[in-house]
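Handing you a structure now.
Throughout, read-outs are computed from the coordinates displayed, never taken from laboratory work. Keep in mind the model is a prediction, meaning the values are calculated, not measured. Positions of Cβ are backbone-derived with ideal geometry, glycine not excepted, and every protein chain shown enters the neighbour counts.
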Amino acid sequence: MITRAQKAEQIASISERLGRANAAFLVDFKGMNVEEVTTLRKNLTQVDSEMKVVRNTLAKRALMDHPEMESAIASEFVGTNAFVFAYGDASAAAKALSTFSKDVEELVIKTGVMEGKALGEAGVKYLATLPGKDELRAKLLGTMAAPMSQFVRVLNAVPGGFLTCLSAYKDKQS
């Protein structure tokens, strides 16, 4: 049996993780075996996320420290639940959950919360389709570099065209 001190420690741990996380997802893992749960945890660790099985009452108490999250997901605590805390890129964690839920049908993505806003199951799956931070940064950098590289090509084309014209004139003379 869990003592009050242990419960308070678990509540503080969950609250601290919620405060650190960029996004949190609530999943139902009922019916999954130990091997599948271990695989899911390994997949989430690779994307700077973690899964924590929580008791519903303790999770609700931990959410009281975060009222913006509480209003978004407090009503979803029914059955066996686990929190997935995304400390890094939220879309990478959503991708890992979405991909794993396609392979293991027992995993059900219930809801999520990101920046105080609730994400339903459809919202989490949409978040999974978005590109990651690194890909977005690369696209932004490419967009910013495109005008400069085009300008350099135009500047290079003028002397190149002039040389082509001179070469054609030389060939015509000889």
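Which whole-number percent gives the relative contact order of the range 87-174, counting Cα pairs below 8 Å spaced six or more residues apart?
About 26 percent, as a whole number.
List the residues, sorted by chain then number, that are 5 or more residues from Lys110 or on another chain and whose placed amide H is less than 5 Å from its amide H.
Those qualifying (amide H under 5 Å, at least 5 residues apart or on another chain) are Leu26, Val27, Asp28.
Right, another one. Helix 34-46 sits at what angle to the longest principal axis of the chain, using alpha carbons and giving 0 to 90 degrees rounded to 10?
Approximately 40 degrees, to the nearest ten.
Of the listed peptides 155-167, 119-131, what is their order by residue-averaged count of other C-beta atoms within 10 Å, with the highest listed first?
Listed from highest to lowest mean packing, they are 119-131, 155-167.
With +1 on the Cβ of every Lys and Arg and -1 on the Cβ of every Asp and Glu, and nothing else charged, how large is the dipole of the chain about its Cα centre, in debye rounded to the nearest 20?
I would put it at about 400 debye.
Still on this structure, please answer the following. For Lys30, which lysines qualify as cross-link partners when the Cα separation must be under 30 Å and same-chain residues fewer than eight apart are set aside?
Lys7, Lys42, Lys52, Lys60, Lys95, Lys102, Lys110, Lys117, Lys125
Output ³J(HN,Hα) for the range 48-58: one whole-Hz value per residue in order, computed from phi by the Karplus curve 6.51 cos²θ - 1.76 cosθ + 1.60 with θ = phi - 60°, and x for Gly and Pro.
Ordered by residue, 3J(HN,Hα) equals 6, 9, 8, 10, 10, 6, 10, 7, 4, 5, 5 Hz.
Further question: Would you kindly derive the ³J(HN,Hα) couplings of the range 158-164 from the backbone phi angles with the Karplus curve 6.51 cos²θ - 1.76 cosθ + 1.60 (θ = phi - 60°), listing them in order in whole Hz, with x for Gly and Pro?
5, x, x, x, 5, 5, 5
While we're here: With unit charges on the beta carbons (Lys and Arg positive, Asp and Glu negative) and the dipole taken about the Cα centre of the chain, which residue among Ala21, Leu58, Phe162 sits farthest to the positive side?
Projecting each Cα onto the dipole axis, the largest value belongs to Phe162.
Right, next: Over the range 35-88, what relative contact order in percent results from Cα pairs under 8 Å that are six or more residues apart?
48 percent
Which values, in whole Å and largest first, are the semi-axes of the equivalent ellipsoid of the chain obtained as the square root of 5 times each eigenvalue of the Cα gyration tensor?
Ellipsoid half-lengths, sorted descending, are 55, 17, 13 Å.
How large is the charge dipole for the range 132-174, taken about the Cα centre, if only the Cβ atoms of Lys, Arg (+1) and Asp, Glu (-1) carry charge, to the nearest 20 debye?
Using Cβ point charges on Lys, Arg, Asp and Glu, the range 132-174 gives about 40 debye.
Then there's this: Please report the relative contact order for the chain, taking Cα pairs under 8 Å with a sequence separation of at least 6, and give it as a percent rounded to a whole number.
Here the relative contact order equals 27 percent.
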